[in-house]
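The values are calculated or read from the model by the stated rules, or taken from the named source; none is laboratory data. The structure presented is a predicted model; accordingly, all values stated were derived computationally and were not measured. We place every Cβ from the backbone using ideal geometry, glycine too, and count neighbours over all the protein chains shown.
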Ligand SMILES: Nc1ncnc2c1ncn2[C@@H]1O[C@H](COP(=O)(O)OP(=O)(O)OP(=O)(O)O)[C@@H](O)[C@H]1O
Ligand SMILES: [Mg+2]
């Protein structure tokens, strides 16, 4: 049996090789094995198989969301129209509280822009095209930090002197974005960009470059960075996509949540897996994760890890006890509190 093995060499998406590696890291589900066949594998093959299953859950197992459709549509329109505007180019804001799937959504958009560019220009990488630039802000980031990261991403060997002034950096960043035909500039953790200076730098980038800017961060519409003052100038030039928890008291919300749980349930890469336990407990999963997709995904990841990490397991069926242990564990490692008890969970027949 050939077990796919993924090599990841870069630790950050804020370099071009790192971003490209992250965009391509979508390992397929490894071939299904019965538990008996799995046990018969040599130890190193079993470890490889576990690694491949773990990678699949962490990197590939994703569910479609309404926000993906909305933001893909908005971004495609902006990328089409921004180069045809001479003023007031528009950007995209992806906003949500902490740990809601913001970065994951931005990655999906980045991947679709990169893939779309590759369809039109198959040799784009050799020709020096960089359709997507990805930067990440940290506490107290300034407009100058932002410009420096853009320059470093596109020209990693260029020496950016500490003394370079913001104007010179802006000119350099704009030149590089144009030369490399960048279509999308993702600024993750954008809530760190507070004050007049970052806002005026972003506004200048929008005015002077036809690349579409996507700002990704915590509560951007209402936070200190872009919810008031000069930041409003940026917000008003952006389409806003907000990620929310799912409200299962509505018919649509219930249908969406059940669909997500069913997708996770169907695709658990466990030996002899029979879907059922997750789907039967969709309501309890909603209560325990407060309807948040990112926490549901975290539950699934931990559930699979807890099964694969047990060296004494006799099978890989998902049991009610294992699921409860993971849901209970959420309360110790996240600020999340819930009232789901073991008796609330149902075991698949
Ligand atoms: N559509 C999806 N399907 C499955 N899992 C998802 C999906 N979107 C997000 N996740 C998972 O949710 C978790 C959190 O996602 P992400 O890191 O994007 O959140 P975030 O809002 O950027 O967090 P932070 O506020 O810490 O930056 C990740 O493990 C991610 O894989
Ligand atoms: Mg994030």
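Yes or no: segment 25-41 includes at least one residue that is at pLDDT 95 or above and in contact with a strand residue (DSSP E or B) (Cβ under 9 Å, 6 or more places away or on another chain).
Taking every residue of segment 25-41 in turn, none turns out to be at pLDDT 95 or above and in contact with a strand residue (DSSP E or B) (Cβ under 9 Å, 6 or more places away or on another chain).
One residue is enough: does segment 236-243 have a residue meeting the conditions within 13 Å of ligand 1 (Cβ to nearest atom), in contact with a strand residue (DSSP E or B) (Cβ under 6 Å, 6 or more places away or on another chain) and within 29 Å of residue 125 (Cβ to Cβ)?
yes
Looking at 185, 220, 215, which is the one that is in the same structural domain as residue 102 (by TED's automatic domain parsing), in contact (Cβ under 8 Å) with a residue 60 or more places away in the chain, under 18 Å from the mean Cα position of the chain (by Cα) and within 25 Å of residue 167 (Cβ to Cβ)?
Exactly one residue qualifies, and that residue is 215.
Assuming residue 69 fulfils every condition listed in (1) in a helix (DSSP H, G or I); (2) surrounded by 13 or more Cβ atoms within 10 Å (Cβ to Cβ); (3) under 16 Å from the mean Cα position of the chain (by Cα) apart from one, which condition is it?
It is condition (2) that residue 69 fails.
If you check residue 101 against the conditions, is it within 23 Å of residue 235 (Cβ to Cβ) and more than 13 Å from ligand 1 (Cβ to nearest atom)?
No; evaluated as a whole, the condition is false for this residue.
Just to be sure, is residue 91 in contact with a helix residue (DSSP H, G or I) (Cβ under 7 Å, 6 or more places away or on another chain), away from ligand 2 (no atom under 15 Å from the Cβ) and at pLDDT 95 or above?
For residue 91, the condition - in contact with a helix residue (DSSP H, G or I) (Cβ under 7 Å, 6 or more places away or on another chain), away from ligand 2 (no atom under 15 Å from the Cβ) and at pLDDT 95 or above - is met.
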